[in-house]
Amino acid sequence: MDFSLSDDQLTIRDAVRDVCARFPGEYWRELEKTKEYPTEFVGVLTDLGWLSILIPVEYGGGGLGITEAAIVLEEIHRSGGNASACHAQMYTMGALLRHGSEAQKRRILPEIAAGRLRLQAFGVTEPDAGSDSTKISTTAVRHGDQYVINGQKVFISRVEQSDLMLLLARTTPLDRIEHTTDGLSLFLVDLNEAGSSIEARRIPMMFNLHTYQVFLTDLVVPAENVVGEEGRGFRHVLDGWNAERTLIASEAIGDARFFVDHASAYACDRTVFGRPIGANQGVQFPLAQAYAATEAASLVRYRAAAHFDAGEPCGDDANLAKLLASQAASQAGQAALQTFGGNGLSVEYDVERKYRETKLFEIAPVNNNLVLAYVGQRVLGLPRSY
Ligand SMILES: Cc1cc2nc3c(=O)[nH]c(=O)nc-3n(C[C@H](O)[C@H](O)[C@H](O)COP(=O)(O)OP(=O)(O)OC[C@H]3O[C@@H](n4cnc5c(N)ncnc54)[C@H](O)[C@@H]3O)c2cc1C
């Protein structure tokens with residue numbers, strides 16, 4: 001059992017750290033003021049190839065694994081930045097990699113790797129289905145060699161910052177399927193060609209993320225853009241969720257480390273009542289607890305990543321990692337806010353921004369309640385609640 005990163009992995013971490021140093025807190029704070037997308041940051045990551053490290057070498061990518069992607073995303077978040085503007089390309093593409101036809105892969109993956117095409121949007125969630133994703137009602141009806149799609153999605157991120165969207169839609173009505181996961185199909189939608197058949201309305205959020213309500217009206221998608229098998233789209237999506245959870249856990253771990261790093265430094269520096277505030281156990285212990293929680297989450301996350309990269313089952317670890325990491329990040333954020341006192345609430349210290357940002361990980365891409373239900377029912381064998 002080896003718990004250390006390899007020399008190559010340390011090199012990746014240091015290289016990403018150097019890139020992030022060019023985008024300090026002021027950069028992210030300025031974007032918050034205008035609610036703008038971090039175009040420059042994403043552009044640099046794209047140009048340096050960090051967003052295409054999961055694409056196999058034969059399609060022009062880096063040919064690396066989820067472990068390396070986890071290192072990249074953790075480092076972005078540890079630096080005080082936020083990868084949610086661009087992380088989806090890493091795991092959304094997984095569905096295409098595993099289930100796309102060779103023609104689709106040859107057409108799209110090299111373009112993504114070269115930075116000429118963005119696959120940043122993944123349309124699953126619907127207003128009436130919420131976490132119960134198999135109950136989505138957006139329909140795709142086949143007419144000859146094309147499908148016509150109608151429906152509505154919500155919280156679909158980066159629609160306006162993407163050229164392609166992977167979209168889940170119902171191809172067989174709910175009352176004609178045997179299993180709840182049947183009858184859904186996955187489509188590659190060209191957002192640049194969709195015209196008025198897709199309307200995206202930005203949802204104002206408590207932090208600067210570009211997420212949208214999406215209205216689909218008679219959207220025409222060629223049959224050649226079905227990814228994988230018709231009717232098995234939900235299963236294809238499920239396959240990618242372990243990668244997504246492991247990577248989201250990595251971002252949360254990065255946030256947790258940001259909080260612990262900064263709050264520890266501040267607690268050594270800030271003197272009140274004639275001594276550094278960090279000497280007080282009321283300040284020190286919450287930080288020590290948060291550090292312990294972060295380390296535990298990190299180990300489970302690397303175990304999930306190692307199993308994923310070895311092609312072994314990793315659902316239990318990926319879910320546990322997402323749960324533990326999101327909780328560790330919130331705990332660390334809370335400890336940091338307290339440590340910084342009034343400065344924690346002041347915008348210039350970045351703690352309040354990071355705290356708002358990290359709350360997302362308890363809710364999306366899957367709510368922690370649903371993760372606990374997975375652990376209770378799938379791991380512990382307890383009775384199902386849904
Ligand atoms: C910023 C942001 C970005 C997102 N980006 C995307 C995206 O790009 N693409 C996409 O498809 N989706 C996206 N989502 C959607 C996200 O995946 C959902 O918000 C999430 O899955 C939860 O669904 P919901 O918000 O409808 O909550 P609901 O399903 O309405 O749940 C509300 C509450 O009830 C609880 N609950 C519901 N059922 C149960 C149960 N059986 N047992 C216990 N508790 C239960 C939940 O845990 C939660 O606490 C995004 C969401 C956010 C907030």
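The values are calculated or read from the model by the stated rules, or taken from the named source; none is laboratory data. Everything numeric in this text was worked out from a predicted model, so none of it was measured. Quick reminder, even Gly has a Cβ in these numbers, built from the backbone with ideal geometry, and neighbours come from all protein chains shown.
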inquiry  = Looking at the stretch 330-347, can you tell me whether even one residue there is outside the structural domain of Ala70 (by TED's automatic domain parsing), within 30 Å of Met205 (Cα to Cα) and within 16 Å of the ligand (Cβ to nearest atom)?
reply    = yes
task = Just give me the residues in the stretch 201-228 being buried (at least 19 other Cβ atoms within 10 Å of the Cβ), in a strand (DSSP E or B), within 15 Å of the ligand (Cβ to nearest atom) and not β-branched (Val, Ile, Thr), in sequence order.
result = Tyr212, Leu216
request  = State all residues of the stretch 178-190 that are within 14 Å of the ligand (Cβ to nearest atom) and surrounded by 19 or more Cβ atoms within 10 Å (Cβ to Cβ); if no residue qualifies, say none.
outcome  = Leu184, Leu186, Phe187, Val189
inquiry  = Exactly one condition in (1) under 25 Å from the mean Cα position of the chain (by Cα); (2) closer than 30 Å to Asp269 by Cα; (3) away from the ligand (no atom under 13 Å from the Cβ) is false for Arg378; which is it?
reply    = (2)
note = The condition of being more than 16 Å from the ligand (Cβ to nearest atom) and either part of a helix (DSSP H, G or I) or under 25 Å from Glu357 (Cα atoms) (or both) holds, among Leu73, Leu109, Leu64, only for Leu109
Residues of the stretch 262-277 satisfying the condition of being surrounded by fewer than 19 Cβ atoms within 10 Å (Cβ to Cβ) and of a type outside the set (Val, Ile, Thr) = Ala265, Cys268, Asp269, Arg270, Phe273, Gly274, Arg275, Pro276
task = Could you pull out the residue among Gln120, Gln104, Gln89 that is in a helix (DSSP H, G or I), under 22 Å from Leu64 (Cα atoms), among the polar types (S, T, N, Q) and within 20 Å of the chain's Cα centre (by Cα)?
result = Gln89
message = Given the condition free of Cβ contacts under 8 Å to residues at least 12 places away in the same chain and at negative phi, answer yes or no: does some residue in the stretch 355-366 qualify?
response = yes
query = Hey, any hits in the stretch 319-342 for a residue that's at positive phi and buried (at least 19 other Cβ atoms within 10 Å of the Cβ)?
reply = no
inquiry  = Take the conditions more than 16 Å from the ligand (Cβ to nearest atom), surrounded by fewer than 23 Cβ atoms within 10 Å (Cβ to Cβ) and more than 26 Å from Leu117 (Cβ to Cβ) and apply them to Glu58. Does it pass?
reply    = no
query = Since Arg158 meets every condition but one in (1) buried (at least 17 other Cβ atoms within 10 Å of the Cβ); (2) at negative phi; (3) within 13 Å of the ligand (Cβ to nearest atom), which condition does it not meet?
reply = (2)
task = Please work out if Glu352 is more than 9 Å from the ligand (Cβ to nearest atom) and over 25 Å from the mean Cα position of the chain (by Cα).
result = no
task = Six or more apart or on different chains, Cβ under 6 Å: which pairs go from a residue in the stretch 138-155 that's over 18 Å from Phe234 (Cβ atoms) to one that's of a type in the set (Ser, Thr, Tyr) and away from the ligand (no atom under 16 Å from the Cβ)? Could you list them?
result = Asn150/Thr139
ask   = If we keep just the residues of the stretch 112-121 that are of a type outside the set (A, V, I, L, M) and more than 10 Å from the ligand (Cβ to nearest atom), which is nearest to Gln213 (Cα to Cα)?
value = Arg118
note = Of Pro383, Pro286, the only residue that is modelled with pLDDT of 95 or more and outside any helix (DSSP H, G or I) is Pro383
Unmet criterion (only one of (1) closer than 23 Å to Gly151 by Cα; (2) touching a helix residue (DSSP H, G or I) at 6+ places or on another chain (Cβ under 9 Å)) for Gly195 = (2)
message = Taking the conditions exactly as written (β-branched (Val, Ile, Thr), surrounded by 16 or more Cβ atoms within 10 Å (Cβ to Cβ) and away from the ligand (no atom under 16 Å from the Cβ)), does Val124 satisfy them or not?
response = no
